[in-house]
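K.L.:
My questions all concern the structure below.
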Amino acid sequence: MTAPAHTPTDPDIGAAVDPDPAGAAASTGGPRPVHLRAGSLLLVLLGGTLGTGAREAISLAAPSADGIPYAILGINLTGAFLLGVLLDALARGGPDRGRRRSARLLLGTGVMGGFTTYSALAVGTATLLGNGAVAAGIGYGLTTVLVGAVATWAGIAVAAATHRRSRRAVR
């Protein structure tokens, strides 16, 4: 079955594609998707501004040493840990609605999304490799990704342990 010539299609499967799936709900009077609501966008904008400002301040205060961007490494690892803490705290809090959703958008998507930076990781790695520091470039890239995964897990574990301790204290 082929879609009419004026209908956008997905070339991989030949199926018709809705050019504006979010707009359809909005035009029929249904609620706007969360990612299109002004309040949600403002929370992400505010958080992103704060996170990016913090990252830039740290980067300027701690310039690269020996060509290795240690500040960016620390920022990404700290951000990964804090995202793990936030993930656990929000997941334990219940459904992604109301204040939990606002906290996720402001702190997770906004602040931590602006604070952490995989584009600077890519630039730092490429710069090291381009300057002939192959071992440092590979080490920097792998350290960020692998230790970042461990940092996220550690953040989840710390938040879970804190939650268990606080529940015991209440009993």
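K.L.:
For residue 109, indicate whether it is farther than 24 Å from residue 64 by Cβ and either among the hydroxyl-bearing types (Ser, Thr, Tyr) or loosely packed, with under 13 Cβ neighbours inside 10 Å (or both).
P.N.:
Taking the combined requirement at face value, the residue satisfies it.
K.L.:
Given the residues 68, 75, which is the only one that is at pLDDT below 95 and within 22 Å of residue 123 (Cα to Cα)?
P.N.:
Values: 75 fails: at pLDDT below 95.
Sole residue among the options that is at pLDDT below 95 and within 22 Å of residue 123 (Cα to Cα): 68.
K.L.:
Something else now. So how many residues does region 87-106 have that are in contact (Cβ under 8 Å) with a residue 40 or more places away in the chain and within 19 Å of the chain's Cα centre (by Cα)? Explain how you work it out, then say what you get.
P.N.:
Our first condition is that a residue be in contact (Cβ under 8 Å) with a residue 40 or more places away in the chain; within region 87-106, this holds for 87-89, 92, 101-102, 105-106.
Filter once more, keeping what is within 19 Å of the chain's Cα centre (by Cα): 87-89, 101-102, 105-106.
The number of residues fulfilling the criteria is 7.
K.L.:
Oh, and also: Give the residue that is nearest to residue 66 (Cα to Cα), with candidates limited to residues of region 144-171 that are surrounded by fewer than 16 Cβ atoms within 10 Å (Cβ to Cβ) and of a type in the set (S, T, N, Q).
P.N.:
162
K.L.:
Now, a different point. Hey, among the residues in region 66-86 that are over 16 Å from the mean Cα position of the chain (by Cα) and among the aliphatic types (A, V, I, L, M), which one's farthest from residue 114 (Cα to Cα)?
P.N.:
68
K.L.:
Please list, ordered by first then second residue, the pairs with beta carbon atoms under 7 Å, 6 or more apart or interchain, first in region 38-58 and touching a residue at least 24 places away in the same chain (Cβ under 8 Å) and aromatic (Phe, Trp, Tyr), second part of a helix (DSSP H, G or I) and crowded, with 16+ Cβ neighbours inside 10 Å.
P.N.:
Sorted first by the residue in region 38-58, then by its partner, the list stays empty.
The values are calculated or read from the model by the stated rules, or taken from the named source; none is laboratory data. Since we're looking at a predicted model, the values are computed, not measured. Glycine also receives a Cβ, built like all others from the backbone with ideal geometry; neighbour counts cover every protein chain displayed.
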